[in-house]
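I have placed the structure first, in the form of structure tokens, so that the comments after it can refer back to it.
The values are calculated or read from the model by the stated rules, or taken from the named source; none is laboratory data. Note that the structure is a prediction, hence the values are computed from the model and not measured. In this analysis, Cβ positions are derived from the backbone assuming ideal geometry, glycine residues included, and neighbour counts consider all displayed protein chains. We work out accessible area using only protein heavy atoms, side chains counted, and drop any ligands, DNA or RNA first. Shrake-Rupley method; radii C 1.70, N 1.55, O 1.52, S 1.80 Å.
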Amino acid sequence: MPDIRGSIHGQWSSRFVFILAAVGSAVGLGNIWKFPYITGENGGGAFVVVYLICIALIGVPIMMAEILIGRRGRQSPINTMHALVADEKAHPAWRWLGWLGVLTGFLILSYYSVIAGWALAYVFRAGAGLFAGANAESVSTLFGALLDSPESMLAWHTIFMVMTMAVVARGVRSGLERAVTILMPALFALLVVLVLYALYAGDFARGAAFLFNPDFDKVFQHCELLESGVESCRFSGEPLLIALGHAFFTLSLGMGAIMVYGSYMPGNASIARATLTIVAADTAAALLAGLAIFPIVFANGLEPAAGPGLIFQTLPIAFGAMPGGQVFGTLFFVLLVFAAWTSAISLIEPAVAWLVENRGMARVPAALAVGAPAWVLGVGSVLSFNLWSGESFQFFGKTWFDLVDYLTANILLPLGGLLIALFAGWVMSRAASRGELRMGDGVGYRTWRFLVRYVSPWLVVIVFLNAIGLL
């Protein structure tokens, strides 16, 4: 039966607030920072089409699975899995799925806060007019100066982590709910303002065509110029693998965040409708970010396939050369901070909820108990860009930042998503999942069950094998 338990943390006041919170978790640096540059690197519109198909096959089924597990357990991911394992008389090893999600979110938070600190620093750099008249060399010098200064990076990392702990310490209604009801509408309003600015100051027609006119030859062909001067092209499945991977990662699946947010979801809310709304909003945020960025890139003769440096080293050149660039450059990085902030509070919440449930801690000390160790781990990421960048401080040929990023993105997240799909599809009874989804036994439920049992797990395995270099 649904709603057999209650959450000691309270519930979201409505389905709409839950959707805002889950969208806040999903919409982060991946949408505003990563999606535009991987779209640029992989052919534009055709890549977007492939990505949307991957979202439907991976994102929707696994998100529904994670929300239903969370709402059925009504506790932190760790305690939820303990309860559901007992309910389903499943093997005790499934309990580790809860610990896996909490650990993954904690590790991601440690370095996510460092990258979010860059965005926070750039708000003030843009506001101070440091991009005015900038060229590639000056912008690269500005970014390099930030990375070369452990003191500066540590200060921004600290400020962002304190911002995150402050929200979570206030609880579900006073902290999380109040934050997302302010930040998420503000985030989408900023996106719309920046799109309108791109319409005015950028090459909007070319940017929109790049995003929405699919040319599948560009996606599935890898071309290179031979020494003879002849261009040689061959089929490449790499963009498909990138689309699969980003479709999985962009929705915050497998890190405990959606599960714990699902535990606060009102019992009368439809998981299927909420999931579709969340996925649509997450995708809309990514596309709006593309519409805000690519017209500016094209209008200034910049390269859309500029890679990770598109946000921090390419766009500042454009903002520095455009009318109103100081104001809108500042707004852009405020947007980036908002997106990171709403994601960060969802990363810390699963561990805080467990401390409140199992150690009887109040919210404030629980937030400190999780945030402080995450901050300490983040110091390793800060130093990875300067004092610890040499080979003597590397682990398995990677800096601390690269190692934690690789471990979470390539191993822990796909593993968590795979196990969520398997638990919801194969371990939970039909009666339990059907009762929580409240979809009856019609086409909708049967389609979800087929995808989560037979399609999504194999696609996640493909993501995993590609990520670790075996495919």
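Side notes on the structure shown:
- Note on residue 162 and residue 450: with the Förster distance fixed at 60 Å, the Cβ-Cβ geometry gives a FRET efficiency of about 0.85.
- Charge tally for residue 275 (other residues, Cβ to Cβ under 14 Å; Lys, Arg +1; Asp, Glu -1): +1.
- Accessible surface area normalised per residue over the chain is 38 Å², counting heavy atoms of protein chains with a 1.4 Å rolling probe.
- Neighbourhood net charge (15 Å Cβ-Cβ; Lys/Arg +1, Asp/Glu -1) for residue 114: -4
- Within the full protein context, the accessible area of residue 255 is estimated at about 20 Å² for a probe radius of 1.4 Å.
- Karplus-based coupling profile of the stretch 90-98, in residue order and whole Hz: 8, 5, x, 4, 5, 4, 5, 4, x, with θ = phi - 60° in 6.51 cos²θ - 1.76 cosθ + 1.60 and x standing for Gly or Pro.
- Paramagnetic label reach from residue 327 (point 7 Å along Cα→Cβ; backbone nitrogen cut-off under 18 Å): within the stretch 155-192, residues 189-192.
- Distance between the modelled labels on residue 284 and residue 431, one decimal in nanometres: 4.0 nm (7 Å Cα→Cβ projection).
- Furthest towards positive pole of dipole, 376, 323, 204, structure part the chain, Cβ charges: 376
- Peptide ranges 204-213, 104-113 listed from the most packed, as the mean C-beta count within 10 angstrom indicates: 104-113, 204-213
- Accessible surface of residue 441 - all protein chains present, 1.4 Å probe, nearest 10 Å²: 80
- Cα centroids of the stretch 48-107 and the stretch 119-169: 35 Å apart.
- Degrees separating the helix 325-359 axis from the principal Cα axis of the chain, which is the longest one: 20
- Integer Hz, Karplus 6.51/-1.76/1.60 couplings in order for the stretch 416-427, x for Gly and Pro: x, x, 4, 5, 4, 4, 5, 5, 5, x, 10, 8
- Between helix 238-249 and the chain: long-axis angle, C-alpha atoms, 0 to 90°, nearest 10: 50
- When the inverse distances between all different Cα atoms of the stretch 133-192 are averaged and flipped, the Kirkwood radius reads 14.3 angstrom.
- Among 91, 246, the order of accessible area from largest down is 91, 246, computed with a 1.4 Å probe on protein heavy atoms.
- Principal-axis tilt of helix 363-384 within the chain, Cα atoms, nearest 10 degrees: 40
- Stokes-Einstein diffusion for the stretch 237-296, with the hydrodynamic radius set to the Kirkwood value over Cα pairs and evaluated at 37 °C in a medium of 0.692 mPa s, equals 241 µm²/s.
- Rounded accessible area of residue 403 (nearest 10 Å², 1.4 Å probe): 40
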